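Asks: I have a structure I would like to understand better, so I am pasting it below and will then ask my questions one at a time.
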Amino acid sequence: MPTVDAQPGPFSFDPDSTALVVIDMQRDFLLPGGFGESLGNDVSQLQKTIEPLAALMAAWRTAGLPIIHTREGHKPDLSDCPPAKLSRGAPSMRIGDPGAFGRILIRGEYGHDIVDELQPIEGETVIDKPGKGAFYATELSDILEKDGIKSLIVTGVTTEVCVHTTVREANDRGYECLVPADCVGSYFPEFQQVGLKMIAAQGGIFGWVAESPAVIAAIQE
Ligand code: C5J
């Protein structure tokens, strides 16, 4: 069984029951001029995940293994966006407002879709989620169960928000989760560092943390 050198210890997984999950690598979060930047964030912190994640996705595809992409966003009428989420903070633009890449975080808009470098290919699953976690109000549980998935390699953005929520939700549902540190990103370097530590602390309280070259080497063995 492939084994990855990880924190807090080796992570072994059966490729036949493992999916790569790519969380919210959307233009609205990653591109200069987009929603993420309008909130005052440094998008370069997220962009540095693109190259290692593209390499991991390429290796995963070569091995013929499943990739599940998610996108955070809402219906055009915002009926699936809780008022508390809509009104949170004081951004210059809000969810549903017109932004540089179309209406912000609205399904079907250019900004809501995944960055060019990491676009899904035919046959890969794309899950549209209204929340931070990939399990809330989505078909993800059913898909994983149908495909006999037991372990998840969780990547994407942002480390301390949607990646964390998804890994916690997955852990509670019995999935073993590995997070490749170089394939997850936060706008805030300190959150990145602490967010990764939190996952693997206390003997792996809700997952394992490794580097993506070790995951790639494991599936190429
Ligand atoms: C956020 C996400 N940070 N994908 N979304 O609002 O982490």
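Asks: Which one of the conditions (1) assigned to a loop (DSSP other than H, G, I, E, B); (2) within 14 Å of LEU20 (Cα to Cα); (3) in contact with a strand residue (DSSP E or B) (Cβ under 9 Å, 6 or more places away or on another chain) does GLY148 fail to meet, given that it meets all the rest?
Replies: In the conditions (1) assigned to a loop (DSSP other than H, G, I, E, B); (2) within 14 Å of LEU20 (Cα to Cα); (3) in contact with a strand residue (DSSP E or B) (Cβ under 9 Å, 6 or more places away or on another chain), GLY148 misses (3) alone.
Asks: I need the full set of residues from the stretch 28-50 which are touching a residue at least 12 places away in the same chain (Cβ under 8 Å) and either open to solvent by 50 Å² or more (accessible area, probe 1.4 Å) or of a type in the set (Asp, Glu) (or both), in order please.
Replies: Scanning the stretch 28-50 gives ASP28, LEU39, ASP42, GLN47, LYS48.
Asks: Within the stretch 144-161, how many residues turn out to be within 16 Å of the ligand (Cβ to nearest atom), open to solvent by 40 Å² or more (accessible area, probe 1.4 Å) and not acidic (Asp, Glu)?
Replies: Here the count works out to 1.
Asks: If you go through the stretch 4-27 one residue at a time, do you hit one that is open to solvent by less than 60 Å² (accessible area, probe 1.4 Å), under 25 Å from VAL194 (Cβ atoms), aromatic (Phe, Trp, Tyr) and in contact with a Leu (Cβ under 6 Å, 6 or more places away or on another chain)?
Replies: The answer is yes, given that some residue of the stretch 4-27 is open to solvent by less than 60 Å² (accessible area, probe 1.4 Å), under 25 Å from VAL194 (Cβ atoms), aromatic (Phe, Trp, Tyr) and in contact with a Leu (Cβ under 6 Å, 6 or more places away or on another chain).
Asks: Ok, one more. Looking at the stretch 204-221, can you tell me whether even one residue there is at pLDDT below 95 and assigned to a loop (DSSP other than H, G, I, E, B)?
Replies: Within the stretch 204-221, one or more residues are at pLDDT below 95 and assigned to a loop (DSSP other than H, G, I, E, B).
Asks: Check the stretch 174-190 and report whether any residue there is within 16 Å of the ligand (Cβ to nearest atom), in contact (Cβ under 8 Å) with a residue 40 or more places away in the chain and surrounded by fewer than 18 Cβ atoms within 10 Å (Cβ to Cβ).
Replies: Checked against the condition, which is being within 16 Å of the ligand (Cβ to nearest atom), in contact (Cβ under 8 Å) with a residue 40 or more places away in the chain and surrounded by fewer than 18 Cβ atoms within 10 Å (Cβ to Cβ), the stretch 174-190 yields at least one hit.
Asks: Within the stretch 104-143, how many residues turn out to be open to solvent by less than 70 Å² (accessible area, probe 1.4 Å), free of Cβ contacts under 8 Å to residues at least 40 places away in the same chain and outside any loop (DSSP other than H, G, I, E, B)?
Replies: Total meeting the criteria: 2.
Asks: State which residue is least open to solvent (accessible area, probe 1.4 Å) when the search covers only the stretch 64-100 and only residues that are more than 20 Å from the chain's Cα centre (by Cα) and touching a residue at least 60 places away in the same chain (Cβ under 8 Å).
Replies: GLY99
Asks: Sticking with this structure for a sec: Please note which helices (runs of 4 or more DSSP H) are completely contained in the stretch 1-57 and include at least 3 residues that are modelled with pLDDT under 95.
Replies: Here the list reads 35-38.
The values are calculated or read from the model by the stated rules, or taken from the named source; none is laboratory data. Since this is a predicted model, take the numbers as computed values, not measurements. Here Cβ is always computed from backbone atoms with ideal geometry, including for glycine, and neighbour counts include all displayed protein chains. Heads up: the accessible areas ignore ligands, DNA and RNA and are worked out on the full protein's heavy atoms, side chains in. Shrake-Rupley method; radii C 1.70, N 1.55, O 1.52, S 1.80 Å.
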